[in-house]
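Working notes for the structure below.
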Amino acid sequence: MSEQEKQSFFSKVRHVVTDFIYGMASHEMARQALKTRGSMEHLFILITMGDLLGVPILPPYYSLRLLPYVVPQVSTWKRRMLREKDLTDALA
Amino acid sequence: MSLAHVFREHPERRYIMFGGKGGLGKTTFSAATAYWLAKQGKRVLVFSVDPQASLSDIFQRDIFGKGAVEIMPNLYVQEIDADEHIRAYQDEIRQKIRDMYGFDKIPQEIEDYIQAASAEPAMEESAIFDQVVDIIVEGGYDYYIYDLVPLGHALYYLSMSSVYDQWIDKITKLREEMREYEQMAARIKREEELPEDQILAELQDIRYRISTSSSILTDREKTAFFFVLVP
């Protein structure tokens, strides 16, 4: 094994070990944080773009300024807000 | 005591509002004050948000919705056309959506929302309010003379800034909290760079504009409010 091959081998091992530890220890935390972030995103769209669902909101003038940034999220947001909720949701 | 006396004594009062019932001479006073100040060599902007504004009449020029028009050296007059402003604003939003996502056409759902939002009763007032914010934040004049609409309306405009302030404050806080979660996740995943949150940046800009203008309009030192009355 040349010096270079050795180095790449060790760096691979290091990657695998860090990924493994990340998966065991912190992946769940990161996932949870992103999930909370996602729920808050939908809450945020609700209080700024509520009119899209018929919930009146305060100043439509300034929401229009934010509209371009939420265009890609609008359809998933609507689906989530209008979805019927049942018991299985609690398990998810 | 003449009106000129007030301006000589208090040169720091640079934002001047004339309010009162309809037909008592708000516009006349605004125009006269602006004329006098301009003659003293000050750069003056006199503006009105009234859709039936009479600044056009008093200066005998068609200035409605044409931005700040120079009437004579140092004297600028502006009449805000809310409808035109809303139209331009909508187009700007549409263009932004097209540019950001490379759409040829705005998705129906989004277009419907843009239309509906503009039909809201608060839209016109907000648009007017925003234009006044624009004028004040932009600066460039020594004096600003605000020829208000008849009283009830005027108070409504002035109170709007505090309502907006609170609303923006709340959603900015929510957005900042969201940012914390995002940063936390990025830290755990050891991601180096997190793209800037553009919504947060917009909100902060809106908040800056509203709070700047409302702090000026409620500043005891800088702002004078004249009630025009029948003796």
Check your understanding: How many residues are surrounded by 20 or more Cβ atoms within 10 Å (Cβ to Cβ), of a type in the set (Ser, Thr, Tyr) and within 10 Å of another protein chain (Cβ to nearest Cβ) when one looks only at the stretch B:98-150?
Key -> 2
Review point. Given the residues B:Ala119, B:Ala186, B:Ala127, which is the only one that is in contact with a helix residue (DSSP H, G or I) (Cβ under 8 Å, 6 or more places away or on another chain) and small (Gly, Ala, Ser)?
Key: B:Ala127
Review point. Given the structure, is A:Arg80 modelled with pLDDT of 85 or more, surrounded by fewer than 18 Cβ atoms within 10 Å (Cβ to Cβ) and more than 7 Å from chain B (Cβ to nearest Cβ)?
Key: no
Check your understanding: Within the set of pairs 6+ apart or on separate chains, which have a first residue in the stretch B:200-223 that is free of Cβ contacts under 8 Å to residues at least 60 places away in the same chain and under 12 Å from B:Asp130 (Cα atoms), a second that is of a type in the set (Ser, Thr, Tyr) and surrounded by fewer than 16 Cβ atoms within 10 Å (Cβ to Cβ), and C-beta atoms under 8 Å apart?
Key -> B:Ser214/B:Ser162
Check your understanding: When you go through A:Thr36, A:Thr48 one by one, which is the residue that is at the interface with another protein chain (Cβ under 9 Å from one of its Cβ atoms), polar (S, T, N, Q) and more than 30 Å from B:Gln115 (Cβ to Cβ)?
Key -> A:Thr36
**Study point:** Residue match in the stretch B:151-162 (condition: over 16 Å from the mean Cα position of the chain (by Cα) and under 25 Å from B:Asp50 (Cα atoms))
**Key:** yes
Revision key, fill the gap. When every residue in the stretch B:13-65 that is touching an Asp or Glu at 6+ places or on another chain (Cβ under 7 Å) and of a type in the set (Ser, Thr, Tyr) is compared, the one farthest from B:Tyr156 (Cα to Cα) is B:Ser56
Review point. For the stretch B:43-82, which residues satisfy the criterion of being of a type in the set (Lys, Arg) and closer than 27 Å to B:Ala119 by Cβ?
Key: B:Lys66
Point to revise | Residue, farthest from B:Thr27 (Cα to Cα), within the stretch B:58-69, restricted to residues that are charged (D, E, K, R) and surrounded by 12 or more Cβ atoms within 10 Å (Cβ to Cβ) | key: B:Lys66
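The values are calculated or read from the model by the stated rules, or taken from the named source; none is laboratory data. Just so it is clear, the structure is predicted and the values come from calculations on it, not from any experiment. Heads up, the Cβs are rebuilt from the backbone with ideal geometry, glycines too, and the neighbour counts pull from every protein chain shown.
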